[in-house]
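First comes the structure, then the notes that go with it.
The values are calculated or read from the model by the stated rules, or taken from the named source; none is laboratory data. Model, not experiment: these values are computed from the prediction. When we count neighbours, we look across all protein chains shown, and the Cβ atoms used for this are built from the backbone with ideal geometry, even at glycine.
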Amino acid sequence: MNTISFLRAATCVVLCHVSMLAYALDPLSYARYDQVKTSDLHLDLKADFAKKTLSGHAVLSLEWIDKSARTLDLDTRELAISKIEALGANGSWTSVPFTLDKADQEKGQALHITLASQPAKVRVFYRTAPTASALQWLNPVQTMSGKRPFMFSQSQSIDARSWVPVQDTPAVRFTYSARIDAPQGLRVVMSADNDPKATGKGGWRFKMPQAIPSYLLAISIGEMDFRALGARSGVYAEPKRIKAAAWEFADTEKMITAAESLYGPYRWGRYDMLVLPPSFPYGGMENPRLTFLTPTMIAGDRSLVDLIAHELAHSWSGNLVTNATWKHFWLNEGFTTYVTTRIIESLYGVEEGEMNLQIEQEEAIAMLATVPPAKQALMNRNPDTSSADYADEGLVYPKGAWLLRTLEQRAGRAVFDPFLRGWFDQHAMQSVTSEQFVDYLRKNLLAQHPQVMGDAELEEWLYAPGIPASAVRVKSARLAALDATLTAWLGGSLPTAKLDTKAWKAIEWIKFMNGIDGKATAAQLKELDEAFSLATTSNNEVAFRFYRAAINAGYRDIRAPLKAFLLNVGRQRMVLPLYANLLKQADDKAWGAAVYKQARMRYHPATQKGVDKKMAEK
Ligand SMILES: [Zn+2]
């Protein structure tokens, strides 16, 4: 792929100069957005649960940049395209020729539309495949009521193309609207202006007036109820889960207010959440106006609501200021991880914030043992031509956050907070690169406060593997006390019966589980399980870590609850390590493979892909 410099369209709001920016086109997209950009999308689709398809048409409004261009290249994956039309100057639609390239495993199929002129709009008639990588069609048995089917999308990173023919790159932003037909009795929601009072008569209608990149296109259809949480926030969930969800998310409005006081107004209107059935492959997905969430975060004690803080934080880092290509992923996730801790701290206090941060940093250090050094850097200098060069998707979260935390601690919050708010304000509704951030950092923080970080250290943070030796590790006093308990229990001087866990928060259990993993014996884990029923705890973060430690210790009494967990939870971050650990144990390998055989069809295609890969490695 070539590196092409081009005129960025003059859509910037704050820095309103047309600036020359040289960067590569997104290698994960076939779109030539240096020639033409989508400015608006309209979807008119019908959902067919029997066939597991969406079918209808998409209208793309186009903004032509290169006056000589006569081709529109879109990204698709497994779309059956029947007809494409262009809008003529006289207002009538005419069929235009198109070709589809051979499918590429990673990128899908390029769609080339040949045009005689530069039409304002192009209309694509198509149908999705039942195997569309972004869509999961659940049978009624996979829902709580067991009565009606359910469907949801997950477009990030490059799967929007499996349900919409689109310029599928975070470098292009567009507004959208939609009309969706769905079976009676099912509700349709999207990453747009959901109206809790809508009935869907004559089709469900949506409008998204803010320009978003394609990976934030989202849809879900199913039996769902709505509960308001505040004037501008609420939750959708399966009817049987709505009460628990509304209780768990009670602090949402306070979180929005806390984030606003740090980084300026919430710009997306409503902030609603949708709790999905358990096969949702991620913890949460920051679809604008409607965060999608795993039900595994409903612990019954509000102990895992940092996940909401994380998805809400994306309303600034990611959705408002977006990584220009996936190479710059840390700009979305590292920043969001940093902002999450700030929201947690302002709601629940410094101690809570520090405990979270310490665990995050410990898990980052632990990750270094398994992530290849070439993937440990936030950034690399290779031209952006292949995703094989990109940083590890897990590590950039805590490592990116750690860099921002370091800058914040050294500059002081009085300096750093307005600096970060300025980054969001000045790049709002834009797609940005790491180089742009480094530029902004030098001009707006390091030029005035050179003692904060020198060139060599900044270089190390961005381009070197590992965590710089200069990085300060957070030490929570409360967790330090737990260390002594942990060591004494592991060594046998503190019997399980004397473990005083009454005042422990979930984060302390998480720390304890991390600390005993690979060290505790099967007998110790059995004792712990009998005393605290850990194998059946409703806190899935604790359960996941307990199972992991149990597998590694060869404690096999947990097989029944572990199997239930693997059959019911499709969240990749939990499922992948559990299978990986089962495969490592000679006596668990066959059992793990058998469980997966049964569980596979319940998982989202993204999770299937991940576990398939692990199974093939062994
Ligand atoms: Zn995130």
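Against the conditions (1) touching a Leu at 6+ places or on another chain (Cβ under 7 Å); (2) more than 17 Å from Lys505 (Cβ to Cβ); (3) away from the ligand (no atom under 11 Å from the Cβ), Asn319 satisfies every one except (3).
For the condition more than 16 Å from the ligand (Cβ to nearest atom) and modelled with pLDDT under 95, Ser346 does not qualify. Flag: Ala377 matches the condition of being more than 16 Å from the ligand (Cβ to nearest atom), touching a Pro at 6+ places or on another chain (Cβ under 8 Å), not basic (Lys, Arg) and not in a helix (DSSP H, G or I).
For the stretch 309-318, the criterion of a residue being in contact with a strand residue (DSSP E or B) (Cβ under 6 Å, 6 or more places away or on another chain) and at pLDDT 95 or above is satisfied by at least one position.
Conditions (1) within 15 Å of the ligand (Cβ to nearest atom); (2) modelled with pLDDT under 95, marked per residue:
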{"position": "Leu368", "(1), (2)": "no, no"}
{"position": "Pro372", "(1), (2)": "no, no"}
{"position": "Asp389", "(1), (2)": "no, yes"}
{"position": "Gly394", "(1), (2)": "yes, yes"}
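A residue that is over 24 Å from Phe206 (Cβ atoms), charged (D, E, K, R), assigned to a loop (DSSP other than H, G, I, E, B) and more than 14 Å from the ligand (Cβ to nearest atom) occurs nowhere in the stretch 259-282.
Does Ser346 meet the test of being over 15 Å from the mean Cα position of the chain (by Cα) and either buried (at least 23 other Cβ atoms within 10 Å of the Cβ) or not in a loop (DSSP other than H, G, I, E, B) (or both)? Considered against the rule, which asks whether it is over 15 Å from the mean Cα position of the chain (by Cα) and either buried (at least 23 other Cβ atoms within 10 Å of the Cβ) or not in a loop (DSSP other than H, G, I, E, B) (or both), Ser346 comes out as yes. Once the stretch 527-540 is narrowed to residues that are in contact with a helix residue (DSSP H, G or I) (Cβ under 6 Å, 6 or more places away or on another chain) and among the charged types (D, E, K, R), the residue that is surrounded by the fewest Cβ atoms within 10 Å (Cβ to Cβ) is Glu527. One residue stands out in the stretch 283-293 among those that are assigned to a loop (DSSP other than H, G, I, E, B) and more than 11 Å from the ligand (Cβ to nearest atom): the one that is surrounded by the most Cβ atoms within 10 Å (Cβ to Cβ), namely Asn287.
What about Ala244, is it farther than 17 Å from Ser191 by Cβ and either within 16 Å of the ligand (Cβ to nearest atom) or outside any helix (DSSP H, G or I) (or both)? When the stated conditions are applied, Ala244 does not pass them. Among the residues of the stretch 552-564, the one identified as crowded, with 20+ Cβ neighbours inside 10 Å and within 28 Å of the chain's Cα centre (by Cα) is Leu562.
Here is a yes/no grid of residues against (1) part of a loop (DSSP other than H, G, I, E, B); (2) under 32 Å from the mean Cα position of the chain (by Cα):
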{"site": "Ala456", "(1), (2)": "no, yes"}
{"site": "Ala469", "(1), (2)": "yes, yes"}
{"site": "Leu479", "(1), (2)": "no, yes"}
{"site": "Leu490", "(1), (2)": "no, no"}
{"site": "Leu494", "(1), (2)": "yes, no"}
{"site": "Ala497", "(1), (2)": "no, no"}
{"site": "Lys502", "(1), (2)": "yes, no"}
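Only a single item in (1) over 23 Å from Asp26 (Cα atoms); (2) buried (at least 19 other Cβ atoms within 10 Å of the Cβ); (3) under 26 Å from the mean Cα position of the chain (by Cα) is not met by Arg421, and it is number (2).
Could you go through the stretch 351-358 and let me know if any residue there is of a type outside the set (Val, Ile, Thr), under 20 Å from Asp168 (Cβ atoms) and either without any contact (Cβ under 8 Å) to a residue 40 or more places away in the chain or within 13 Å of the ligand (Cβ to nearest atom) (or both). Within the stretch 351-358, not a single residue is of a type outside the set (Val, Ile, Thr), under 20 Å from Asp168 (Cβ atoms) and either without any contact (Cβ under 8 Å) to a residue 40 or more places away in the chain or within 13 Å of the ligand (Cβ to nearest atom) (or both). Arg405: of a type in the set (D, E, K, R), touching a residue at least 40 places away in the same chain (Cβ under 8 Å), away from the ligand (no atom under 16 Å from the Cβ) and surrounded by fewer than 16 Cβ atoms within 10 Å (Cβ to Cβ), yes or no? Against the criterion (of a type in the set (D, E, K, R), touching a residue at least 40 places away in the same chain (Cβ under 8 Å), away from the ligand (no atom under 16 Å from the Cβ) and surrounded by fewer than 16 Cβ atoms within 10 Å (Cβ to Cβ)), Arg405 does not qualify. Entry remark, the stretch 294-310: residues being crowded, with 24+ Cβ neighbours inside 10 Å and either near the ligand (Cβ under 10 Å from one of its atoms) or not in a helix (DSSP H, G or I) (or both) number 1 in total. Count of the stretch 72-92 residues, restricted to those that are within 18 Å of Asp26 (Cα to Cα) and either loosely packed, with under 13 Cβ neighbours inside 10 Å or of a type in the set (A, V, I, L, M, F, W, C) (or both), is 2.
Restricted to strands (runs of 3 or more DSSP E) entirely inside the stretch 93-212, no element has at least 2 residues that are among the acidic types (Asp, Glu) and buried (at least 19 other Cβ atoms within 10 Å of the Cβ).
Is the stretch 586-600 home to any residue that is among the basic types (Lys, Arg) and over 22 Å from the mean Cα position of the chain (by Cα)? Taking every residue of the stretch 586-600 in turn, at least one turns out to be among the basic types (Lys, Arg) and over 22 Å from the mean Cα position of the chain (by Cα). Looking for whichever is among the hydroxyl-bearing types (Ser, Thr, Tyr), under 16 Å from Phe437 (Cα atoms), surrounded by 18 or more Cβ atoms within 10 Å (Cβ to Cβ) and within 16 Å of the ligand (Cβ to nearest atom) here; the options are Thr341, Thr325, Thr336. Which one fits? Of Thr341, Thr325, Thr336, the one residue that is among the hydroxyl-bearing types (Ser, Thr, Tyr), under 16 Å from Phe437 (Cα atoms), surrounded by 18 or more Cβ atoms within 10 Å (Cβ to Cβ) and within 16 Å of the ligand (Cβ to nearest atom) is Thr336. Evaluated against (1) in contact with a strand residue (DSSP E or B) (Cβ under 7 Å, 6 or more places away or on another chain); (2) not in a loop (DSSP other than H, G, I, E, B), Tyr440 falls short on exactly one condition, (1).
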